[in-house]
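Remarks on the structure that follows.
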Amino acid sequence: MKKMIFVNLVSLIIITLILIQPVSSNIYCSQNEIIIVDNEGDGDYQTIQQAIDNANSGDIIQIYSGIYNEKLIIQKERITLKGIDHELGAGTDTEYPIINGDQIGNVIEIYGKHCQITSCIIQNSGHGIFDAGIFILSNEVIISTNGIVSNQYGILVNNCTENIIENNYILSNTMDGIYLLFTEENIISNNIIRENGFQGMFMYEANKNTITENTFSLNGKDGIHLRNTCMNNEITKNIIHSNSIDGIKIMDSNVYYNNLNNNEIYSNGWNGVHIVNGQSNIISDNMIYLNLLNGIQIGNADNNRIIRNTIQDNKEEGIVFLFSGSQNNQIYYNNVINDNAFDGGKNIWDDGRDAGGNYWSYYKGLDVDGDGIGDTPYIIEGMGNMDNTPFIDPLYPPQTPSQPRGPTIGVPGTSYTYRTTSSDNLHNKIQYGWDWNGDDVVDEWTFFYSPEEPCETSYIWNQNGTYQIKVKAMDDQGFQSDWSQPLSITMPKDPKNKIDIIGNFIFNFCQQILYRIYAIIVADQQPNIAKY
């Protein structure tokens, strides 16, 4: 009877220990396999397609250095192709694997969701109308860190969503480097796209895409070309230069609500930015210079906004509106340096007396009252339009705010106050954008402060951890500074987390009981052992 009670007690304690143990969030029902491909026979398969055909969802196919003359079709989900830049066994290859299409059709076709291709060189597709190095026809595919060269199209994304194309080198393809067709919500980032025969990127009925931090250069036509129902695309932080025609071209009246911001666009063969018929697009905060025709050219396009750009040293004009069909475009807060403008339509060149217009380096007027606004208009050549309130001095963002000051150690659930300050060369009012978790995204904008007036803002962290907080300044014209230096904040583990405390107490208590029971068992058995 005592033995039965003892066994039941031990069982109960063991079950309790199991139940209160922390549960890992990384629970896998099955182990994904790594499949080895080596063209010289040292792996599981000698061809990549054999490995794909025998893989299961979630498997990783490692492709060792060598040339693989094959066309790949991926119809399964969650297949990863990963290139390795050395030999597995015999052989002397030391480069990333080359997948060579032998000029027949697409080199790689992807029909399965959540697939990845990384660290491969993909070349020599066929030359049919839609042949490509990689043809994506599925969602949430990742194409990363590849060389995509000498195909008809580099990458063609067709009738699918939420794909990521990043950190690739896309070079010397006959048509476009990247072609987005009937697709949306893709991210194209950190690619080098150059020396392609047509556009660096062509977008046709492509919506809600993010094109960021790429370099488009030396392409045979435009750096980026949008046509036929392209809406709500974000084209930001790209370097676009030395393309044969335009840096960015927007064509068709149903290409609208696109944001072209914070790009550097220079030395293109015609225009930096060219809009034909496009409506309600925003061109903001760009550097547009040294283009061989105009900085910005717009024809028969309405209701576009051109704000906070620096437009400088272009061959012909800084900003041009061709034809009387260009109406109600807004142009203000730009720095136009060593350039003029032409307006063949009816457009708005300032934001009113209080807000101002643009800075023109060729403006010869005076500012007698010292308010920073010229006393006479700047005349725009063409149809008699004018900037009624030209700025006397160039427009700049506010000074980068001082590093936040305040407590660096705290307790979750408690409010802490942080301080900063900034100034503005035109004495504009300033609001501050705070990033409370270090992800370079503004979490909270304050109201406006006077220049150099200290800003105080409070915040509550609800979880333990270490946080990097930063702040940027924005004036009432929308110019934004860089981020301040970060301040590191530590929130130690919350002592009020009662569940953890109770769980640890129970675990330690039960563990001590088990140790004591084990000691009793050993002590009871010692005499019995001695008898034998």
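Things worth noting here:
Results for (1) within 21 Å of Asn233 (Cβ to Cβ); (2) buried (at least 22 other Cβ atoms within 10 Å of the Cβ), shown as yes or no for each residue.
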site: Ser119; (1), (2): no, no
site: Ile129; (1), (2): no, no
site: Leu156; (1), (2): yes, yes
site: Glu162; (1), (2): yes, no
site: Leu171; (1), (2): no, no
site: Thr174; (1), (2): no, no
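- Set Val320, Val336: member being in a strand (DSSP E or B) and within 15 Å of His274 (Cβ to Cβ): Val320
- Asn254 vs. criteria closer than 23 Å to Val276 by Cα and in a loop (DSSP other than H, G, I, E, B): yes
- When segment 145-194 is filtered for residues that are among the hydroxyl-bearing types (Ser, Thr, Tyr) and under 26 Å from Ile84 (Cα atoms), the ones remaining, listed by number, are Thr145, Ser150, Tyr153, Tyr169, Ser172, Ser189.
Yes/no per residue for (1) under 17 Å from Asn191 (Cα atoms); (2) in contact with a Phe, Trp or Tyr (Cβ under 6 Å, 6 or more places away or on another chain):
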{"residue": "Leu137", "(1), (2)": "no, yes"}
{"residue": "Ile142", "(1), (2)": "yes, no"}
{"residue": "Gly147", "(1), (2)": "yes, yes"}
{"residue": "Tyr153", "(1), (2)": "yes, yes"}
{"residue": "Leu156", "(1), (2)": "yes, yes"}
{"residue": "Asn159", "(1), (2)": "no, yes"}
{"residue": "Glu166", "(1), (2)": "yes, no"}
{"residue": "Ser172", "(1), (2)": "yes, no"}
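- Within segment 385-422, the set of residues being more than 27 Å from Gln463 (Cα to Cα) and of a type in the set (Val, Ile, Thr) comprises Thr389, Ile392, Thr400, Thr421.
- Where Gly356 falls short, out of the listed (1) over 30 Å from Asn300 (Cα atoms); (2) touching a Pro at 6+ places or on another chain (Cβ under 8 Å): (1)
Each row is one residue, and each column tells you yes or no for (1) surrounded by 14 or more Cβ atoms within 10 Å (Cβ to Cβ); (2) touching a Ser or Thr at 6+ places or on another chain (Cβ under 6 Å); (3) under 27 Å from Pro492 (Cα atoms); (4) of a type outside the set (Asp, Glu).
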{"residue": "Asp393", "(1), (2), (3), (4)": "no, no, no, no"}
{"residue": "Thr400", "(1), (2), (3), (4)": "yes, yes, no, yes"}
{"residue": "Thr414", "(1), (2), (3), (4)": "no, no, yes, yes"}
{"residue": "Thr420", "(1), (2), (3), (4)": "yes, yes, yes, yes"}
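- Flag for Ser244 being in contact (Cβ under 8 Å) with a residue 24 or more places away in the chain and in contact with a strand residue (DSSP E or B) (Cβ under 9 Å, 6 or more places away or on another chain): no
- Checking each residue in segment 218-241 for being closer than 16 Å to Asn271 by Cα and surrounded by fewer than 19 Cβ atoms within 10 Å (Cβ to Cβ) picks out Leu218, Gly220, Ile239.
- With respect to (1) modelled with pLDDT under 95; (2) touching a Cys at 6+ places or on another chain (Cβ under 6 Å), the lone exception for Ile27 is condition (2).
- Filtered by the rule that a residue be under 14 Å from Gly478 (Cα atoms) and either surrounded by 14 or more Cβ atoms within 10 Å (Cβ to Cβ) or modelled with pLDDT of 95 or more (or both), segment 426-441 gives Leu426, Asn428, Lys429, Ile430, Gln431, Tyr432, Gly433.
- Within segment 279-329, restricting attention to residues that are of a type in the set (A, V, I, L, M), within 15 Å of His241 (Cβ to Cβ) and surrounded by fewer than 21 Cβ atoms within 10 Å (Cβ to Cβ), the residue that is nearest to the chain's Cα centre (by Cα) is Met287.
- Checked against the criteria, Ile73 counts as surrounded by fewer than 18 Cβ atoms within 10 Å (Cβ to Cβ), among the hydrophobic types (A, V, I, L, M, F, W, C) and modelled with pLDDT of 90 or more.
- Any hit, segment 361-373, residues being in a loop (DSSP other than H, G, I, E, B) and under 37 Å from the mean Cα position of the chain (by Cα): yes
- Qualifying strands (runs of 3 or more DSSP E) (wholly inside segment 75-128; at least 1 residues being under 25 Å from the mean Cα position of the chain (by Cα) and free of Cβ contacts under 8 Å to residues at least 60 places away in the same chain): 80-83, 108-110, 116-118, 121-123
- Taking the criterion of being of a type in the set (Gly, Ala, Ser) and either within 18 Å of Ile155 (Cβ to Cβ) or in contact with a Leu (Cβ under 7 Å, 6 or more places away or on another chain) (or both), the residues of segment 203-249 that qualify are Ala206, Ser217, Gly220, Gly223, Ser242.
- In segment 383-400, the residues that are in a loop (DSSP other than H, G, I, E, B) and without any contact (Cβ under 8 Å) to a residue 60 or more places away in the chain: Met383, Gly384, Asn385, Asn388, Thr389, Pro390, Ile392, Asp393, Pro394
- Pairs are defined by a Cβ separation below 6 Å, a sequence spacing of at least 6 or placement on different chains, a first member in segment 138-151 that is over 20 Å from Gly101 (Cα atoms), and a second member that is charged (D, E, K, R) and surrounded by fewer than 24 Cβ atoms within 10 Å (Cβ to Cβ); the pairs so defined are Ser138/Lys113; Asn139/Lys113; Asn139/Glu162; Glu140/Lys113; Glu140/Glu162.
- Residue within segment 277-299 that is aliphatic (A, V, I, L, M) and at pLDDT below 95 present: no
- Cβ pairs under 7 Å, 6+ apart, first in segment 191-220 and under 22 Å from Thr145 (Cα atoms), second of a type in the set (Ser, Thr, Tyr) and surrounded by 24 or more Cβ atoms within 10 Å (Cβ to Cβ): Phe202/Tyr179
- Qualifying residues in segment 92-101 (those that are closer than 20 Å to Tyr169 by Cα and of a type outside the set (Ser, Thr, Tyr)) - the one modelled with the lowest pLDDT: Glu95
The values are calculated or read from the model by the stated rules, or taken from the named source; none is laboratory data. Fair warning: this is a prediction, and the values are worked out from it, not measured in the lab. FYI the Cβ positions are ideal-geometry reconstructions off the backbone, even for glycines, and counts take in every protein chain you see.
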